[in-house]
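The values are calculated or read from the model by the stated rules, or taken from the named source; none is laboratory data. A quick note: this is a predicted structure, and the numbers were derived from the prediction, not measured. Here the Cβ positions follow ideal geometry from the backbone for every residue, glycine too, while neighbour counts run over all protein chains shown. Areas reflect the complete protein model, heavy atoms only, side chains present, ligands, DNA and RNA absent. Shrake-Rupley method; radii C 1.70, N 1.55, O 1.52, S 1.80 Å.
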Amino acid sequence: MSRRPHIILAALQVRARSAGTGRAIRDLVSALARRDRGLAFTVRASDPELFREVQAMPHWRVEGCPGSEGGNLKKAWFTQFRLPGLVRDLEGDLLHCLQFLAPVRCPCPVAVMVQDLAWRRYPETIERPRRFYYRWLVPRTLAAAAAIKTNSQATADETVEFYPSTTRKIRVTPLGTPTWTAEQSSVAGQGRESSARPFFLFVGTLEPRKNLPRLLEAYGSFRTKALAEGREPSGIPDLVFVGGKGWGDSSLRSLLDRGRKEGWLVVKDYCAGAELWTLYRSALALVFPSLHEGFGLPILEAMAAGLPVLTSDRGGTREVAGGNALLVDPTNTEDVAAGLRVMAFEPAVRQRLGEEGPRHAARWSWDRTADLTEAVYRELLETGPDK
């Protein structure tokens with residue numbers, strides 16, 4: 001019997017609580033394992049438990065990566081100096097790094113995943129130490145990679161903009177709608193739920209890239225105008241933020257404290273499963289005017305629940321929304337405020353977007369993502385590195 005080509009999947013410091021990133025990587029791995037592709041796979045993961053469902057699959061194994069934990073610099077060191085040796089010991093034919101840092105030197109072809117280039121487009125939204133080593137390491141990673149997978153055409157275009165020599169290596173492999181939404185829908189249903197008070201929902205890490213200070217400023221403008229028009233406070237939607245704390249949130253903290261004290265803002269930590277699904281089903285709209293996203297998984301999660309979406313008219317969010325969301329300029333607070341007003345007081349718009357959302361979300365398939373990813377593997381196994 002001939003030996004199966006051996007694919008090594010590197011998932012370093014990927015955790016279930018890393019929200020969109022962790023779920024997306026787990027969904028991709030699960031989709032690859034759903035059928036026999038004539039390949040052998042080893043997942044090297046900082047958190048092997050995240051991939052426990054594929055451990056029992058034929059031709060799949062999951063192993064830990066001792067020494068890969070400890071922050072971004074530790075991950076970078078492990079990637080460059082330990083991971084190539086692990087690949088050699090496992091006799092890997094191809095290494096797929098599920099994030100955009102990969103070994104500059106590796107004993108086999110390397111595919112790397114670029115999720116976004118926010119650190120280049122908006123460097124002020126990334127911690128300084130991470131920004132510095134990205135500037136040194138990412139160009140070298142992309143130059144050494146045999147293939148560069150991007151999760152959207154917007155990210156592909158941005159990669160070429162900043163690194164023109166990567167053009168021939170890029171393969172667009174869009175993500176799917178997070179599978180947890182289908183699991184919740186089958187249990188709890190897809191119908192809307194009532195809430196004691198109407199509210200707008202934001203889902204994402206509380207970090208500068210998410211544009212939350214502008215969202216709060218826009219909300220304040222919207223709320224002040226609605227009160228001046230004589231609208232009842234109980235009929236003006238509140239805000240609910242769901243997401244773990246990110247870096248650089250000190251300036252945001254005072255704004256959050258004010259909203260909580262005034263009673264129109266609720267801030268919740270990371271939510272999963274039934275709790276998050278209930279929020280999606282009972283909110284008035286998802287408000288997601290992020291400065292920069294390579295994709296925008298909360299958009300598809302909300303649409304799967306039939307929740308209307310307000311998001312940014314740019315990059316990955318516009319691409320994922322596909323004309324089925326209310327698009328605003330995230331840098332213009334009055335434009336965001338006007339969008340909030342539409343979502344709050346124009347039920348016909350909400351109904352149209354809510355009805356189309358589940359159909360749109362269903363078009364984003366993880367099986368398609370896995371098939372496109374396998375096609376990249378086959379290409380590299382046949383042709384070798386393209387440098």
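HN-Hα J couplings of segment 301-317 from phi, Karplus 6.51/-1.76/1.60, θ = phi - 60°, integer Hz, Gly and Pro as x?
Here the 3J(HN,Hα) series is 4, 4, 4, 4, 8, x, 8, x, 10, 10, 8, 7, 8, 6, x, x, 5 Hz.
Dipole of the chain, Cα-centred, from +1 at each Lys and Arg C-beta and -1 at each Asp and Glu C-beta, to the nearest 20 debye?
Values: 53 positive and 44 negative charges, 157 e Å.
Computed charge dipole of the chain: roughly 760 debye.
Say we join alpha carbon atoms closer than 10 Å with springs in a Gaussian network model of the chain; which of ARG363, ARG44, ARG314 then has the biggest fluctuation?
With Cα springs under 10 Å in the chain, the top fluctuation among ARG363, ARG44, ARG314 is at ARG363.
Within the accessible area of segment 293-387, what % is carbon and sulfur when the probe is 1.4 Å and the other protein chains stay in place?
Here it works out to 47 percent.
Read phi for every residue in segment 202-216 and hand back ³J(HN,Hα) as whole Hz from Karplus 6.51 cos²θ - 1.76 cosθ + 1.60, θ = phi - 60°, with x for Gly and Pro.
Result, ordered by residue: 10, 10, x, 5, 7, 9, x, 4, 7, 6, 5, x, 5, 4, 5 Hz.
Calculate, for segment 233-387, the solvent-accessible area per residue in square angstrom, rolling a 1.4 angstrom probe over the heavy atoms of the protein chains. It would help to have the intermediate numbers written out before the result.
Details: 6220 Å² over 155 residues.
Spelled out: the 1.4 Å probe surface of segment 233-387, per residue, equals 40 Å².
Quote the relative contact order of the chain in percent (integer), defining contacts as alpha-carbon pairs under 8 Å separated by 6+ residues.
Across the chain, relative contact order equals 17 percent.
Excluding residues fewer than 8 places away in the same chain, name every one of the lysines whose C-alpha is closer than 19 Å to that of LYS169.
Straight-distance partners of LYS169: LYS149, LYS387.
Can you pull the one-decimal nm distance between simple spin-label points at ALA375 and GLN55, each 7 Å off the Cα toward Cβ?
About 3.4 nm separates the two model spin labels.
Scan segment 108-161 for GluC sites (Glu not before Pro) in coil per DSSP, keeping those whose Cβ has at most 16 other Cβ atoms within 10 Å, and list them by number.
GLU127
Assuming 0.36 nm per residue, please report the length gained on full extension of the stretch ARG131 to ARG171 beyond their Cα-Cα distance. Please list the in-between numbers first.
Numbers: separation 40, 0.36 × 40 = 14.40 nm, distance 2.49 nm.
Between ARG131 and ARG171, full extension yields an extra 11.9 nm.
For segment 201-289, what % of the accessible area comes from carbon and sulfur atoms, probe 1.4 Å? Can you show the working numbers first?
Values: 1900 of 3750 Å².
Answer for segment 201-289 is 51 percent, counting heavy atoms of protein chains only.
Per DSSP H run of n ≥ 4, the term is -39500 (n - 2.57); total these for the chain, divide by its residue number, and report the mean residue ellipticity at 222 nm rounded to 500 deg cm²/dmol.
-14000 deg cm²/dmol
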